[in-house]
Every structure is written in structure tokens, then in C-alpha cells.
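A quick write-up on the structure given underneath.
The values are calculated or read from the model by the stated rules, or taken from the named source; none is laboratory data. Bear in mind the structure is a predicted one, so any value in this text is a computation, not a measurement. Cβ: placed from backbone, ideal geometry, glycine included. Neighbour counts: every protein chain shown.
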Amino acid sequence: MGRLLLLFIALPAIELALLIEIGQRIGTLETLALIVVTGVLGASMARSQGLRVIARVQEQLGLGEMPADSLVDGLMILIASALLVTPGILTDAFGFLCLVPGFRTVVKREVIRRFENAVLQNRVHVESIRVRPDEHREPPRDITPPRDET
């Protein structure tokens, strides 16, 4: 609950204070221009990187590989684009960081480390089913109840 409070109250308050301070130093119009430029630049960068990730996912699936790293990259790029179109200095900084491949690699390693620790501590349970590419599996049956048409 404390993290949500921090996210929805403290972060916007800090962002607002930073924008006011920057506005006082460089001017209101310049601050608004900065917000627009970072939003447009960030959206453009996120779009180009997102398209590359989609192509990589399709290539990996075509080769029968699991595109886990690429999917995490795609998620981080999606988060980056949301942060970059949100007005603010901290959100823009973190959004641009999410677009840096090296930063994404560090985040992926940390997420994997935490997930492995959670599995070892029995906080997360994992089940997997291995299916060979040449093995045929029956599609799942439709188990929705029939409609009552009275």
C-alpha cells in the first residue's frame, strides 16, 4: 500500500515541483516545449525499437525458439512509451532509460534473480510442459456452457 501511495501522490508532487522549478528558470513556454519534444522524441524512439522487437519475436517464433528476452524488451519499451508521453522530468528520465538496451539487460537480470529467489523460497510455484515441435497437441476444448435462448 505504501508503494502505491508513493506512486500516486509523491511522484506527481515531485514531478510538479520539478516542472515549476524548471519553468521558473527557463520560462513557461520553453518548459512546455521541453515536455512536447521529449514526448514526441520518446514516442518515436519507442516506436522504432518496438518494431524491431516485434520483428525479433516473429523471427524467434519462426525458428521455434521461446522469445522470453524479446518479450521483456517489448514490455519495457511499452512502459517507456507510457512514461515518455506522461509530462514530467523523472518519468521522462526513466522512460529514456528503459529505451537503452544495456539498462534493459540489467533490469532483466534483476527480475530473473528475484524470480529465482521467489521460487527457491516457495513463494512462487512453476509448472512447465515441454512439447516437441513435431508433437501434435489437441486444441483445448470449448468448455463454455451453452447459451440459454429462451
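In the set (1) more than 26 Å from Val124 (Cβ to Cβ); (2) surrounded by 14 or more Cβ atoms within 10 Å (Cβ to Cβ), the condition left unmet by Ile77 is number (1).
Would you point out the residue of the stretch 88-124, among those that are touching a residue at least 40 places away in the same chain (Cβ under 8 Å) and closer than 15 Å to Gln49 by Cβ, that is surrounded by the fewest Cβ atoms within 10 Å (Cβ to Cβ)? Outline the logic, then answer.
Narrowing the stretch 88-124 to residues touching a residue at least 40 places away in the same chain (Cβ under 8 Å): 88-92, 95-96, 99.
If we keep only those that are closer than 15 Å to Gln49 by Cβ too, we end up with 95-96, 99.
Values: Gly95: 26, Phe96: 18, Leu99: 21.
Checked the stretch 88-124; the qualifying residue surrounded by the fewest Cβ atoms within 10 Å (Cβ to Cβ) is Phe96.
The set of residues in the stretch 46-82 that are within 24 Å of Ile22 (Cα to Cα) and touching a residue at least 24 places away in the same chain (Cβ under 8 Å) comprises Ala80, Ser81.
When Val85 is tested against (1) surrounded by fewer than 18 Cβ atoms within 10 Å (Cβ to Cβ); (2) within 23 Å of Pro12 (Cβ to Cβ); (3) at pLDDT 90 or above, only condition (3) is not met. From Val126, Val106, grab the single residue that is over 13 Å from the mean Cα position of the chain (by Cα) and either modelled with pLDDT of 90 or more or within 28 Å of Leu19 (Cβ to Cβ) (or both). Of Val126, Val106, the one residue that is over 13 Å from the mean Cα position of the chain (by Cα) and either modelled with pLDDT of 90 or more or within 28 Å of Leu19 (Cβ to Cβ) (or both) is Val106. Which condition from (1) in contact with a Cys (Cβ under 6 Å, 6 or more places away or on another chain); (2) closer than 27 Å to Ile22 by Cα is the one that Gly88 breaks? Gly88 satisfies all of (1) in contact with a Cys (Cβ under 6 Å, 6 or more places away or on another chain); (2) closer than 27 Å to Ile22 by Cα except (1).
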